[in-house]
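Take a look at the structure below.
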Amino acid sequence: MFDYDSERGRYHERLRAAADVRTADRVLDIGCGTGQTTRDAARSAPSGSALGVDVSGPMVERARRLSEQAGIRNVSFERADAQVHPFAPESFTLGISRFGTMFFADPVAAFANIGRALRPGARLVQLVWQAGDRQEWFSTIRHALAGGRTVPAGLDHGAFSLADRTAAAGMLTAAGFGAVEITEVRGPIHYGPDAAGARDALLDLRMVKDLVAGLDAAATARALDRLLAALDAHDTGEGAWFDSRAWLIIARRR
């Protein structure tokens, strides 16, 4: 299972600061993964609660185990698609998401569904990626594995669907949100303790699997050697790091 918490650790504090969870908040965490953001929200809301939802069953199960081990009682998790899940209306005072809202098939309908779960005036605070050509990690990995081949579009699987800030603001407005604020956030992301560890971790990503799909054994080995060399060039001695850019988007449910 890919370690998104390690990858996005530098963004974690930015989301926490922007979310500013209050003592009695009822927090909805969209695309919670293994629950790091949800657990932190629950800790910040001892008189409230936090619910994390994600479409990945294994991640939700791990989130539950980690929360039980940590002894956090006001947190819960559901395997659910936030686009269509029947959340109780107006039951949350805050919505958060750390790179979990970019994969909706119909973003306006999805944000409208999330909005119905929030109380009027509640904030939705999310981090999303900027465009792929502004991501050192995406360009480097794609170039290394392609090796000069023409690869089909769409291998990002929607990761950059909210990269256009004007379009993203329009989607939220159409979904019933107002006071949309979009701020650039830039920081490094981490793929492993060294180049070899980063390569092994990246093999769990669907994008990487798709880039080597269809190659024979020899071509796959060459592609992975190129990837290892690219990762080695980004090994700082304290891990393999890549530059990245995101949008911090804050909007209020009307």
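The values are calculated or read from the model by the stated rules, or taken from the named source; none is laboratory data. Note that the structure is a prediction, hence the values are computed from the model and not measured. Cβ: placed from backbone, ideal geometry, glycine included. Neighbour counts: every protein chain shown.
In segment 1-57, what count of residues is obtained for those that are outside any loop (DSSP other than H, G, I, E, B) and either of a type in the set (Val, Ile, Thr) or more than 19 Å from ALA251 (Cβ to Cβ) (or both)?
25
Of the residues ALA179, ALA251, ALA246, which is under 23 Å from the mean Cα position of the chain (by Cα), modelled with pLDDT of 95 or more, part of a strand (DSSP E or B) and at positive phi?
ALA179
Can you tell me which residue is modelled with the highest pLDDT among those in segment 192-208 that are surrounded by fewer than 16 Cβ atoms within 10 Å (Cβ to Cβ) and charged (D, E, K, R)?
ASP200
Does ASP81 qualify as being within 17 Å of the chain's Cα centre (by Cα), of a type in the set (Asp, Glu) and buried (at least 21 other Cβ atoms within 10 Å of the Cβ)?
No: the conditions fail for ASP81.
When both residues are 6+ apart or on different chains and their Cβ atoms are under 7 Å apart, which pairs have a first residue that lies in segment 3-23 and is within 18 Å of GLU238 (Cα to Cα), and a second that is part of a helix (DSSP H, G or I)?
Every condition considered, the pairs that remain are ASP3/ALA201; ASP5/GLN36.
So GLY9 clears everything in (1) farther than 18 Å from LEU124 by Cβ; (2) surrounded by 17 or more Cβ atoms within 10 Å (Cβ to Cβ); (3) not polar (S, T, N, Q) except one condition, right? Which one?
Only one criterion in (1) farther than 18 Å from LEU124 by Cβ; (2) surrounded by 17 or more Cβ atoms within 10 Å (Cβ to Cβ); (3) not polar (S, T, N, Q) is unmet by GLY9, namely (2).
Among the candidates ALA229, ALA163, which residue alone is within 21 Å of ARG134 (Cβ to Cβ), small (Gly, Ala, Ser) and modelled with pLDDT of 95 or more?
ALA163
Only residues that are within 11 Å of ALA251 (Cα to Cα) and aliphatic (A, V, I, L, M): list them for segment 176-198, please.
Hits for segment 176-198 are ALA179, VAL180, ILE182.
Suppose the filter is aliphatic (A, V, I, L, M) and farther than 23 Å from TRP247 by Cβ; does ALA80 pass it?
yes
Among the candidates GLY214, GLY237, GLY187, which residue alone is in contact (Cβ under 8 Å) with a residue 12 or more places away in the chain and either outside any helix (DSSP H, G or I) or surrounded by 16 or more Cβ atoms within 10 Å (Cβ to Cβ) (or both)?
GLY187 is the lone residue from the list that is in contact (Cβ under 8 Å) with a residue 12 or more places away in the chain and either outside any helix (DSSP H, G or I) or surrounded by 16 or more Cβ atoms within 10 Å (Cβ to Cβ) (or both).
Search segment 84-125 for residues being modelled with pLDDT of 95 or more and touching a His at 6+ places or on another chain (Cβ under 8 Å), and hand back the single one that is surrounded by the most Cβ atoms within 10 Å (Cβ to Cβ).
ARG98
Out of the residues in segment 67-102 meeting the condition of being touching a residue at least 60 places away in the same chain (Cβ under 8 Å) and touching a Ser or Thr at 6+ places or on another chain (Cβ under 7 Å), tell me which one is farthest from GLY35 (Cα to Cα).
By that ranking, first place goes to MET102.
Could you check segment 195-218 and list, in sequence order, the residues that are over 27 Å from PHE103 (Cβ atoms) and touching a helix residue (DSSP H, G or I) at 6+ places or on another chain (Cβ under 8 Å)?
ALA195, ALA196
Within segment 146-181, how many residues are β-branched (Val, Ile, Thr) and surrounded by 17 or more Cβ atoms within 10 Å (Cβ to Cβ)?
Of the residues in that region, 1 qualify.
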